[in-house]
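Novice: One structure coming up, written as structure tokens, with questions to follow.
The values are calculated or read from the model by the stated rules, or taken from the named source; none is laboratory data. The model shown is predicted, which means the values in this text are computed figures rather than measured ones. No Cβ is skipped: glycine too gets one built from the backbone with ideal geometry, and neighbour counts run over all protein chains shown. For accessibility, only protein heavy atoms count, side chains too; no ligands or nucleic acids. Shrake-Rupley method; radii C 1.70, N 1.55, O 1.52, S 1.80 Å.
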Amino acid sequence: MKFFVDTAEIDQIKELNDLGMVDGVTTNPSLIAKSGRDILEVTKEICGIVDGPVSAEVVALEADDMLAEGRKLAKIAPNIAVKVPLTWAGLKTCKTLSDEGTMVNVTLCFSANQALLAAKAGATFISPFIGRLDDLNMDGLELIEDIRTIYDNYGFETNILAASIRSANHMSECAKIGADVATAPPAVIKAMANHVLTDKGLDAFMADAKKAGIKIV
Ligand code: E4P
């Protein structure tokens with residue numbers, strides 16, 4: 001499973017990228033707003049750091065306007081994936097951009113039917129939002145499973161990009177299901193390293209090493 005990092009914070013992207021933990025980046029208007037930077041400028045900087053796809057989201061609602069924005073975003077760098085919302089206008093934009101050879105990430109997906117439409121429209125990525133479904137007492141991981149089944153049934157090449165990930169558990173569950181990519185905030189990726197028994201075991205080893213006066217360098 002590929003790891004995308006869901007942030008527009010340059011330092012955090014660099015830190016994880018240096019560790020080989022970043023196969024791509026996703027942003028959205030909220031994350032760009034949080035960064036306080038100009039979308040074109042910060043997206044260009046991210047594209048220069050990361051080799052993999054960098055999703056940049058349109059902010060228009062009508063297809064023609066979305067297309068103009070998508071084409072402008074696509075010019076930033078060859079690794080841009082234009083992110084469009086899962087609306088009819090978004091699907092229309094997806095089809096045109098993907099026919100032009102631009103990677104497209106169709107976002108705000110909350111049902112298997114929506115994922116089916118995105119695949120038909122030639123999406124490179126479909127982004128089902130796990131956490132926001134869980135927030136409504138629905139089962140976000142079940143949606144990932146359903147989309148995996150549907151795409152495999154028919155050999156759709158659209159990549160399942162599990163999004164709105166809130167916990168380390170979401171990451172391992174997505175990997176078990178077979179999501180192609182999971183995008184998560186830096187804190188969630190870091191939390192994947194935590195285990196209470198690792199901490200406990202390390203404390204005991206350190207105490208014994210101190211007692212025995214073990215020195216290596
Ligand atoms: C994905 O591309 C989205 O930017 C993101 O995962 C949304 O996550 P949230 O529901 O935690 O805002």
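Novice: What pairs can you find where one residue is in region 185-213 and touching a residue at least 40 places away in the same chain (Cβ under 8 Å) and β-branched (Val, Ile, Thr), the other is open to solvent by less than 100 Å² (accessible area, probe 1.4 Å) and within 16 Å of the ligand (Cβ to nearest atom), and their Cβ atoms are less than 7 Å apart, with a gap of 6+ or different chains?
Specialist: Cβ pairs passing all conditions: ILE189/PHE3; ILE189/VAL5; ILE189/LEU16.
Novice: Kindly evaluate ILE130 against the criterion of being within 13 Å of the ligand (Cβ to nearest atom) and open to solvent by less than 10 Å² (accessible area, probe 1.4 Å).
Specialist: On the way: within 13 Å of the ligand (Cβ to nearest atom): yes; open to solvent by less than 10 Å² (accessible area, probe 1.4 Å): yes.
In short, yes.
Novice: Considering ALA163, ALA187, ALA175, ALA168, which residue is open to solvent by less than 20 Å² (accessible area, probe 1.4 Å) and of a type outside the set (Asp, Glu)?
Specialist: On the way: ALA187 fails: open to solvent by less than 20 Å² (accessible area, probe 1.4 Å); ALA175 fails: open to solvent by less than 20 Å² (accessible area, probe 1.4 Å); ALA168 fails: open to solvent by less than 20 Å² (accessible area, probe 1.4 Å).
Only one candidate passes the filter, namely ALA163.
Novice: Sticking with this structure for a sec: Of the residues VAL50, VAL82, which is under 17 Å from the mean Cα position of the chain (by Cα) and surrounded by fewer than 22 Cβ atoms within 10 Å (Cβ to Cβ)?
Specialist: Details: VAL82 fails: surrounded by fewer than 22 Cβ atoms within 10 Å (Cβ to Cβ).
Matching residue, one of VAL50, VAL82: VAL50.
Residue-wise test of (1) outside any helix (DSSP H, G or I); (2) within 25 Å of ALA184 (Cβ to Cβ).
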residue	(1), (2)
GLY20	yes, yes
SER30	no, yes
LYS34	no, yes
ASP51	yes, yes
LYS92	no, no
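Novice: If you go through region 72-84 one residue at a time, do you hit one that is in a helix (DSSP H, G or I), within 16 Å of the ligand (Cβ to nearest atom) and of a type outside the set (S, T, N, Q)?
Specialist: Yes, region 72-84 has at least one match.
Novice: A further question on this structure: With the structure loaded, tell me whether VAL59 is farther than 22 Å from CYS174 by Cβ, modelled with pLDDT of 95 or more, surrounded by fewer than 20 Cβ atoms within 10 Å (Cβ to Cβ) and within 14 Å of the ligand (Cβ to nearest atom) or whether it fails that test.
Specialist: Here the answer is yes, as VAL59 does meet what is asked.
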